[in-house]
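The structure appears below as structure tokens.
The values are calculated or read from the model by the stated rules, or taken from the named source; none is laboratory data. What you are looking at is a predicted structure, and each value in this text was computed from that prediction instead of being measured. Heads up, the Cβs are rebuilt from the backbone with ideal geometry, glycines too, and the neighbour counts pull from every protein chain shown. What goes into the accessible areas is simple: the full protein's heavy atoms, side chains included, and nothing from ligands, DNA or RNA. Shrake-Rupley method; radii C 1.70, N 1.55, O 1.52, S 1.80 Å.
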Amino acid sequence: MKKIIVIGAIGSGKTTFIQAMKNLDLEYKKTQALEYYEDITDTPGEYLENRRFYNALIVASHDCDIIALLQDSSDKRCVFPPNFSSIFTKPIVGIITKIDLKEKDIEFARNCLQLAGAEQIFEISSVEGIGLEKFKKYIATI
């Protein structure tokens, strides 16, 4: 499997997504610092929401093959600046999370990720397992 770094706002589902990808028990856990799994790097949402931490994201992405930007489908704010992907030198994918929720706006999330520069966008429910296999197949081809 390729190495992935997961970037998104606080509460966007980054850690839950990683737990689902690794077939771990889903349990809420607040990521306080960079956390390294075998092939996935989890980042705190604060690193995206505070521009002074962008350098930490850039440095952490160096060892990764894919940058995954996560946007919560139920979040009405987009914390990714337009063309955010330009600060990285790796392929950028977008992941719309929490698609199983009743209160969701998938088109808003898709637009947010497209404006940020995501080249490919996936719709995922980590809780129900929707879209995980499609994402795994995609990253195997990069």
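Which of the residues that make up segment 91-108 are over 7 Å from SER73 (Cα atoms) and in a strand (DSSP E or B)? Before you say what the answer is, go through the steps one by one.
Quick first cut of segment 91-108, residues over 7 Å from SER73 (Cα atoms) only: 91-95, 100-103, 107-108.
Once the filter is applied, which keeps residues that are over 7 Å from SER73 (Cα atoms) and in a strand (DSSP E or B), segment 91-108 yields ILE92, VAL93, GLY94, ILE95.
Can ALA140 be described as outside any strand (DSSP E or B) and either open to solvent by less than 60 Å² (accessible area, probe 1.4 Å) or not aliphatic (A, V, I, L, M) (or both)? If you could, list the steps in order and put the result at the bottom.
Working: outside any strand (DSSP E or B): yes; either open to solvent by less than 60 Å² (accessible area, probe 1.4 Å) or not aliphatic (A, V, I, L, M) (or both): no.
No; evaluated as a whole, the condition is false for this residue.
Within segment 92-105, which residues are open to solvent by less than 70 Å² (accessible area, probe 1.4 Å) and more than 15 Å from the chain's Cα centre (by Cα)?
Restricting attention to segment 92-105, the residues satisfying the condition of being open to solvent by less than 70 Å² (accessible area, probe 1.4 Å) are 92-101, 105.
Hits for segment 92-105 are ASP100, LEU101, ASP105.
Can you find a residue in segment 109-119 that is modelled with pLDDT under 95, in contact with a strand residue (DSSP E or B) (Cβ under 8 Å, 6 or more places away or on another chain) and closer than 21 Å to LYS134 by Cβ?
Here is the first cut: in segment 109-119, the residues modelled with pLDDT under 95 are 119.
Applying the additional criterion that residues be in contact with a strand residue (DSSP E or B) (Cβ under 8 Å, 6 or more places away or on another chain) yields 119.
In the following step, the residues that additionally are closer than 21 Å to LYS134 by Cβ were identified as 119.
Among the residues of segment 109-119, at least one is modelled with pLDDT under 95, in contact with a strand residue (DSSP E or B) (Cβ under 8 Å, 6 or more places away or on another chain) and closer than 21 Å to LYS134 by Cβ, which makes the answer yes.
Here are ILE67, ILE40: which of them is at pLDDT 95 or above and touching a Lys or Arg at 6+ places or on another chain (Cβ under 8 Å)?
Details: ILE40 fails: at pLDDT 95 or above.
Only one candidate passes the filter, namely ILE67.
Would segment 22-39 turn up any residue that is buried (at least 19 other Cβ atoms within 10 Å of the Cβ) and in contact with a strand residue (DSSP E or B) (Cβ under 7 Å, 6 or more places away or on another chain)?
Kept after step one, since they are buried (at least 19 other Cβ atoms within 10 Å of the Cβ), are these residues of segment 22-39: none.
The answer is no; no qualifying residue exists.
Look through segment 1-21, keep the residues that are part of a helix (DSSP H, G or I) and not charged (D, E, K, R), and return whichever of them is most open to solvent (accessible area, probe 1.4 Å).
Here is the first cut: in segment 1-21, the ones part of a helix (DSSP H, G or I) are 14-21.
If we keep only those that are not charged (D, E, K, R) too, we end up with 15-21.
Values: THR15: 15, THR16: 42, PHE17: 1, ILE18: 0, GLN19: 12, ALA20: 12, MET21: 11 Å².
If we take residues in segment 1-21 being part of a helix (DSSP H, G or I) and not charged (D, E, K, R), then THR16 is most open to solvent (accessible area, probe 1.4 Å).
Take segment 109-130 and flag every residue that is in a helix (DSSP H, G or I) and open to solvent by 20 Å² or more (accessible area, probe 1.4 Å).
Matches in segment 109-130: ARG110, ASN111, GLN114, LEU115.
Check segment 71-89 and report whether any residue there is among the charged types (D, E, K, R), in a helix (DSSP H, G or I) and open to solvent by 70 Å² or more (accessible area, probe 1.4 Å). Talk me through it step by step, then tell me what you get.
Initially, segment 71-89 is screened for residues among the charged types (D, E, K, R), giving 72, 75-77.
Adding the requirement that they be in a helix (DSSP H, G or I) leaves none.
Checking segment 71-89: not a single residue is among the charged types (D, E, K, R), in a helix (DSSP H, G or I) and open to solvent by 70 Å² or more (accessible area, probe 1.4 Å).
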